[in-house]
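Engineer: Structure provided below as structure tokens; questions to follow.
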Amino acid sequence: MKVKFFIFIYLPHIQLTFLLEDVKDRLAELEAQLSQERKLREEAENAIADIRRECRAPFVVPSLLDAFRQISELTTRAMEP
């Protein structure tokens with residue numbers, strides 16, 4: 001027989017009961033989302049750093065900006081394990 005644990009939180013006028021397994025599952029989902037968001041932020045920061053490093057001139061046309069962004073994405077993917 002498997003024992004189930006409950007988390008009981010009492011607040012005035014509010015009573016919440018959660019299965020510990022549900023809380024752990026939700027935590028795992030949120031951690032995965034956080035990891036994905038961190039990865040996206042790092043990619044954006046890398047793209048900006050690449051643009052700053054490569055474009056010292058004060059004028060960048062939109063197509064050139066898109067090209068630098070795509071190159072940055074490709075190099076980021078190539079460096080991932």
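Engineer: Quickly run through the stretch 1-58 and pick out the residues that are at pLDDT 75 or above, among the acidic types (D, E) and within 30 Å of A78 (Cα to Cα).
Structural biologist: If the condition is that a residue be at pLDDT 75 or above, among the acidic types (D, E) and within 30 Å of A78 (Cα to Cα), then E29, E31, E37, E42, E43, E45, D50 are the ones that fit.
Engineer: Can you name the residue in the stretch 67-81 that is surrounded by 11 or more Cβ atoms within 10 Å (Cβ to Cβ) and of a type in the set (D, E, K, R) and is also modelled with the lowest pLDDT among such residues?
Structural biologist: Out of the qualifying residues, it is R69.
Engineer: Based on what the data block shows, is S63 at pLDDT below 80 and of a type in the set (S, T, N, Q)? So that I can check it myself, show each step before the final result.
Structural biologist: Numbers: at pLDDT below 80: yes; of a type in the set (S, T, N, Q): yes.
Taking the combined requirement at face value, the residue satisfies it.
The values are calculated or read from the model by the stated rules, or taken from the named source; none is laboratory data. Every value quoted in this text rests on a predicted model; they were computed, and no experiment measured them. Neighbour counts are summed over all protein chains in view; Cβ atoms, including those assigned to glycine, are modelled from backbone coordinates with ideal geometry.
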